[in-house]
Amino acid sequence: MESVYISPVTPPEVLKRIKGVIFDCDGVLINSFEANKWYYNKFKEKFGLDFMSAEEEKQVHALTHAEALKYILPEEFHEEAFVFSSDPSLKEGINYIEVEEGLSRLLEWLRTNNIRMGINTNRTDTLPTVLQMFDIESFFSPMVTSETLPNSKPHPEGVHYILQKWNMSPEDVVYIGDTWVDERCAERAGVEFWAYRSPLLKARLHVDSYWTLCNLMEKARNDVWTNCGCGQQKFS
């Protein structure tokens, strides 16, 4: 299916009627690039290594915490690095996180229209803290982290888990992500993938603005979904 890069003039017919949205966290709900950069460079600094390269900065954004540390550090530092992960000084990195612009409006719109929202992320136990910072935790259930299930992304287990909890099929939902890990996860789960600010990924929709996406979904609800007899649906 051809990719669509949405804009204010995109016809609402490109949007299928959905019952749920699965979000990645970092780079999708929150802008954590600078926070991750600061955090993982602290490990580089501790072991007397050069700061991360541009490629390393890109990769740690998509990997689990353990995978990222193993990726950027020589093996002889791994054990000590995992111990250092508990150092209270590293919590300062959370101050570099920002919520994505327009996200709150989109979440409110989805809730008002009875569309379920969940999270499938490779972030660990810091997820609740980050969501509480921006008062958005209540929008999401379930929330799958790299510690919830035996297999983390790009394995599709997290998506399957959410679908089971919602009693939905892959055709009922979309997955919004920003890395190859999300793209691969959605593909393996058979779920339509929407890429957020990542134009090089293979996706049905490319979203650059949540304001634009929300406006498009409003048009689709009014002009397309209602007319096709697949209007709002209540969920318990």
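Determine whether region 150-163 contains at least one residue that is open to solvent by 50 Å² or more (accessible area, probe 1.4 Å), modelled with pLDDT under 95, touching a helix residue (DSSP H, G or I) at 6+ places or on another chain (Cβ under 8 Å) and assigned to a helix (DSSP H, G or I).
Checking region 150-163: not a single residue is open to solvent by 50 Å² or more (accessible area, probe 1.4 Å), modelled with pLDDT under 95, touching a helix residue (DSSP H, G or I) at 6+ places or on another chain (Cβ under 8 Å) and assigned to a helix (DSSP H, G or I).
Tally the residues that are under 18 Å from residue 161 (Cβ atoms) and open to solvent by less than 30 Å² (accessible area, probe 1.4 Å), restricting the search to region 4-41.
Within region 4-41, the first condition is being under 18 Å from residue 161 (Cβ atoms), and the residues that meet it are 19-25.
Next, only the ones that are open to solvent by less than 30 Å² (accessible area, probe 1.4 Å) stay: 20-25.
Adding up the residues that qualify gives 6.
Quick one: would you say residue 133 is of a type outside the set (S, T, N, Q), farther than 20 Å from residue 12 by Cα, within 12 Å of the chain's Cα centre (by Cα) and open to solvent by 40 Å² or more (accessible area, probe 1.4 Å)? Steps first, please.
Values: of a type outside the set (S, T, N, Q): yes; farther than 20 Å from residue 12 by Cα: yes; within 12 Å of the chain's Cα centre (by Cα): no; open to solvent by 40 Å² or more (accessible area, probe 1.4 Å): yes.
Considered against the rule, which asks whether it is of a type outside the set (S, T, N, Q), farther than 20 Å from residue 12 by Cα, within 12 Å of the chain's Cα centre (by Cα) and open to solvent by 40 Å² or more (accessible area, probe 1.4 Å), residue 133 comes out as no.
Return the pair list, or none, for Cβ contacts closer than 8 Å from residues in region 205-216 that are among the β-branched types (Val, Ile, Thr) to residues that are open to solvent by less than 10 Å² (accessible area, probe 1.4 Å) and assigned to a helix (DSSP H, G or I), at least 6 apart or on different chains.
Matching pairs, first to second residue: 207/213.
If a residue must be within 12 Å of the chain's Cα centre (by Cα) and either within 18 Å of residue 31 (Cβ to Cβ) or open to solvent by 20 Å² or more (accessible area, probe 1.4 Å) (or both), how many such residues does region 164-180 contain?
Step one: list which residues in region 164-180 are within 12 Å of the chain's Cα centre (by Cα), which gives 174-180.
From what's left, either within 18 Å of residue 31 (Cβ to Cβ) or open to solvent by 20 Å² or more (accessible area, probe 1.4 Å) (or both): 176-180.
Counting residues in region 164-180 that are within 12 Å of the chain's Cα centre (by Cα) and either within 18 Å of residue 31 (Cβ to Cβ) or open to solvent by 20 Å² or more (accessible area, probe 1.4 Å) (or both) gives 5.
Since residue 215 meets every condition but one in (1) farther than 29 Å from residue 7 by Cβ; (2) open to solvent by 10 Å² or more (accessible area, probe 1.4 Å); (3) assigned to a helix (DSSP H, G or I), which condition does it not meet?
For residue 215, the exception is condition (1).
Within region 113-124, is even one residue surrounded by fewer than 17 Cβ atoms within 10 Å (Cβ to Cβ), assigned to a helix (DSSP H, G or I) and in contact with a helix residue (DSSP H, G or I) (Cβ under 6 Å, 6 or more places away or on another chain)?
No, region 113-124 contains no residue that is surrounded by fewer than 17 Cβ atoms within 10 Å (Cβ to Cβ), assigned to a helix (DSSP H, G or I) and in contact with a helix residue (DSSP H, G or I) (Cβ under 6 Å, 6 or more places away or on another chain).
What pairs come out if I take residues in region 85-96 that are touching a residue at least 24 places away in the same chain (Cβ under 8 Å) and closer than 15 Å to residue 125 by Cα and pair them with residues that are in a helix (DSSP H, G or I) and open to solvent by less than 90 Å² (accessible area, probe 1.4 Å) whose C-beta lies under 6 Å away, six or more apart or interchain?
Qualifying pairs under 6 Å: 93/35; 93/38; 93/39.
Say we look at region 1-33 and pick out the residues that are of a type in the set (D, E, K, R) and either within 21 Å of residue 104 (Cα to Cα) or assigned to a loop (DSSP other than H, G, I, E, B) (or both); which of these is nearest to the chain's Cα centre (by Cα)? Lay out the reasoning, then the answer.
Here is the first cut: in region 1-33, the residues of a type in the set (D, E, K, R) are 2, 13, 16-17, 19, 24, 26.
When the remaining residues are screened for being either within 21 Å of residue 104 (Cα to Cα) or assigned to a loop (DSSP other than H, G, I, E, B) (or both), the result is 2, 16-17, 19, 24, 26.
On the way: 2: 22, 16: 20, 17: 21, 19: 18, 24: 1, 26: 6 Å.
That would be 24.
Which residue pairs have Cβ atoms closer than 9 Å, lie 6 or more positions apart in sequence or on different chains, and pair a first residue in region 27-44 that is on the phi < 0 side of the Ramachandran plot with a second residue that is in a strand (DSSP E or B) and of a type in the set (Gly, Ala, Ser)?
28/177
For residues in region 42-75 being within 26 Å of residue 120 (Cα to Cα) and of a type in the set (S, T, N, Q), which is most open to solvent (accessible area, probe 1.4 Å)?
The extreme case among them is 59.
Which one of these does residue 169 not meet: (1) under 18 Å from residue 17 (Cα atoms); (2) of a type in the set (Gly, Ala, Ser); (3) in contact (Cβ under 8 Å) with a residue 24 or more places away in the chain?
The number of the failed condition is (3).
Filter region 76-112 down to the residues that are of a type in the set (Val, Ile, Thr) and either assigned to a helix (DSSP H, G or I) or open to solvent by 60 Å² or more (accessible area, probe 1.4 Å) (or both) and list them by number. Talk me through it step by step, then tell me what you get.
Taking region 76-112 and keeping what is of a type in the set (Val, Ile, Thr), we get 83, 94, 97, 99, 112.
The answer is 83, 94, 112.
The values are calculated or read from the model by the stated rules, or taken from the named source; none is laboratory data. What you see is a predicted model; the values in this text were computed from it and never measured. With ideal geometry, Cβ positions are generated from the backbone for all residues, glycine too; neighbour counts draw on all protein chains shown. Ligands, DNA and RNA are excluded from the accessible area calculation, which covers all protein heavy atoms including side chains. Shrake-Rupley method; radii C 1.70, N 1.55, O 1.52, S 1.80 Å.
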